[in-house]
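One structure below.
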Amino acid sequence: MMPKSPRIWQLAERRYRLLGSRCTACGKTSVGPRNVCPACGSEDVETVQLPSTGTVYSYTVVHALPAERERYGPYIMAIVELEDGTRVTSEIVDCEPEDVKIGMPVELAFRVIGQESEEGIIYYGYKFRPLVFRKTN
Amino acid sequence: MSVFNDKKTAIVGYGSYIPRYRIKIESIAHAWGEPLEMLRGLRVQEISVKGRDEDQVTIAVEAARNALRRAPEVSAKEIGAIYSGSESKPYAVKPTSTIVAAAIGAPLSVRLADYEFACKGGTEAIISCISQARSGMIKYGLAIAADCSQSLPGDVLEYTASAGGSAFIIGHGSGDPIAYFEGQYSVGTDTPDFWRRDLIKYPRHGGRFTGEPAYFRHVMAAASGLMRELNMKPEDFDYIVPHQPNGSFPVEVAKRLGFSESKVLPGLLSPIVGNFYSGSSPTGLCRVLDQAKPGQRILLVSFGSGAGSDAFSIVVADGIERKRDLAPKVEDYVERKKYVDYSVYARFWGKIAF
Ligand SMILES: [Zn+2]
């Protein structure tokens, strides 16, 4: 049985690994697959591994829970600015809503994003959490 | 029984992961009106609790990524096998290893499978990687030992069943070794000490039956069998890391085997994080690697209900000094904690039925 959302499944590996697109003409990187560079219009776009650390650029706490998350509880959605300047929209986990701050260092996490149903496919992907570990070298 | 005299089959990367949340056993006892004195014998103070969006797969991926960080010389494309050992897979049918493979960028040409043997699926995964690396079938294998274990509300298992795990990259004659395998010895019998029937949500156990004929018999037989075959004594080992279903069994089994308490304490995690099931003794091994010196010898003994034990003699190599600081240590995760009460714990676990 194929999942009801084949597009989500096809994009799974990009979502698992936080792969992005990089324009070989102007160097602009962005999240997700692209055929055309949003900055310069070039069609020379390659898939790249985005950095796994960054800082919180802006955030909001979601209290009005969507139907599929009705028992999840409030959660933090943020725009994370990665080390190379790429901005990613992501949930922030392992952090209480009152503790999130702009500029807070965060790192890539691998989490459950949702599920089709109790009997269906589980969707996994990237989220960010407060930095646990900073490379010493 | 296998003795590896060539010192070439080695762990070249290791990594662990423990969720951030903890619950004190007082909070669980309070929820059920259980007197705390009844639980002192477990010697567990608090256990790790999965986050609301964590499961066995997410723990496996986090541990695998940390193992890769400690093996900078290994590309994910060189990993020829990924084996995941667990008793708490979110899918009954669909291997965790398939999701880990995608999450680390493993190649299409890769052997994937999951192992289940209660708390020793993880060491089975390690044995598969050892044998395939030694036989030349793979350059590197990734063995994962992680669980996110369910426990029946109100059952005594609730005081120990927790979430966490570790992963190991294993090669033979390649990479920068962190520790090499010297020997391996396993035992198994038909012992119904703990089980979970198909389609049943929570495991059941034989109560007092889980001690002597299950845990102690198998761990002792595997550890003594390995020492006998290697012609070694407890004095030859610097550390012993037995499976940790609670805080008292591992200390007691080490004592019965003739090891001093100082050799079991460095790898003892259950009093502060609980029982990671498949991830229990492997994460104890990681905590030892986080602090061990080259040349030191470790006796690792898993135990899986049902029942069986896998014992390994592991010698720390020079690579540990170069690689230890490349990823978070077990202690970094132990210290990162946020306490929750039983109601939040039950919500995270979906134990509240509607
Ligand atoms: Zn461009």
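Quick notes
- Placing unit charges on each Cβ (+1 for Lys and Arg, -1 for Asp and Glu) gives chain B a dipole about its Cα centre, and among B:Gly136, B:Phe303, B:Ile104 the Cα reaching farthest toward its positive end belongs to B:Ile104.
- Computed extension length for A:Tyr57-A:Thr24: 9.3 nm, one decimal, from 0.36 nm per residue of separation with the Cα-Cα distance subtracted.
- Taking the DSSP beta bridges with both ends in chain A, the antiparallel portion is around 95 percent.
- If R0 equals 30 Å, the separation of the Cβ atoms of B:Arg228 and B:Lys94 corresponds to a calculated FRET efficiency of about 0.15.
- Chain A against chain B buries an accessible area of about 2500 Å², both chains summed, 1.4 Å probe radius.
- Net charge over other residues, Cβ less than 9 angstrom from the Cβ of B:Ser302 (K, R count +1; D, E count -1): -1
- Region B:38-100 shape via C-alpha gyration tensor axes, a/c threshold 1.5: prolate
- Distance between modelled label sites at B:Ile200 and B:Ser75, nm, 7 Å Cα→Cβ extension: 4.9
- Rolling a 1.4 angstrom probe over the protein heavy atoms with all chains in place gives chain B an accessible area of 36 Å² per residue.
- For the protein assembly as shown, the gyration tensor built on C-alpha atoms gives an oblate shape. Its axis ratio a/c (a ≥ b ≥ c) is at least 1.5, and a/b is not larger than b/c.
- Amide H contacts of B:Lys139: B:Gly80, each under 5 Å away and 5 or more positions distant or on a separate chain (H built 1.01 Å from N in the peptide plane; Pro and chain starts excluded).
- FRET E, pair B:Ala346, B:Ser109, Förster distance 60 Å, beta-carbon r, rounded to 0.05: 0.85
- Largest accessible area first, the listed residues A:Thr89, A:Thr53 line up as A:Thr89, A:Thr53 when surface is computed with a 1.4 Å probe on the assembled protein chains.
- Accessible area of B:Asp190 (1.4 Å probe, protein heavy atoms only, ligands and nucleic acids ignored): about 140 Å².
- Each other residue within a Cβ distance under 12 Å of B:Ala167 adds +1 if Lys or Arg and -1 if Asp or Glu, for a net charge of +2.
- Each residue was assigned an accessible area with a 1.4 Å probe, and for A:Arg22 the value is about 80 Å².
- Backbone N within region A:105-128 under 13 Å of label point (7 Å from A:Met77 Cα along the Cβ vector): none
- Surrounding net charge for B:Val61, when Lys and Arg each add one and Asp and Glu each subtract one, Cβ distance under 11 Å: 0
- Residue order by solvent-accessible surface for B:His172, B:His218 is B:His172, B:His218, largest first, with ligands and nucleic acids left out and a 1.4 Å probe.
- Karplus-derived HN-Hα couplings along region A:107-114 (A = 6.51, B = -1.76, C = 1.60, θ = phi - 60°), whole Hz, x at Gly and Pro: 10, 5, 10, 10, 9, 6, 8, x
- By the helix-only formula, in which each DSSP H run with n ≥ 4 contributes -39500 (n - 2.57) and the sum is divided by residues, chain A has a 222 nm mean residue ellipticity of -1500 deg cm²/dmol.
- Computed in the context of the full set of protein chains, the accessible area of the protein assembly as shown at 1.4 Å probe radius has 51% of its extent on carbon or sulfur.
- Exposure ranking of B:Phe249, B:Phe312, B:Phe348 by accessible area [1.4 Å probe, largest first]: B:Phe249, B:Phe348, B:Phe312
- Added length on full extension, which subtracts the Cα-Cα distance from 0.36 nm per residue, B:Arg256 to B:Lys293: 10.7 nm
- Within chain A, longest stretch clear of exposed GluC sites (Glu not before Pro) (DSSP loop, no more than 10 other Cβ within 10 Å): A:1-69
- Here the calculated FRET efficiency for B:Asp155 and A:Glu46, from their Cβ-Cβ distance with R0 = 60 Å, stands at 0.70, rounded to the nearest 0.05.
The values are calculated or read from the model by the stated rules, or taken from the named source; none is laboratory data. Since this is a predicted model, take the numbers as computed values, not measurements. Cβ: placed from backbone, ideal geometry, glycine included. Neighbour counts: every protein chain shown. To get the accessible areas, we keep the full protein, side chains included, count just its heavy atoms, and leave off ligands, DNA and RNA. Shrake-Rupley method; radii C 1.70, N 1.55, O 1.52, S 1.80 Å.
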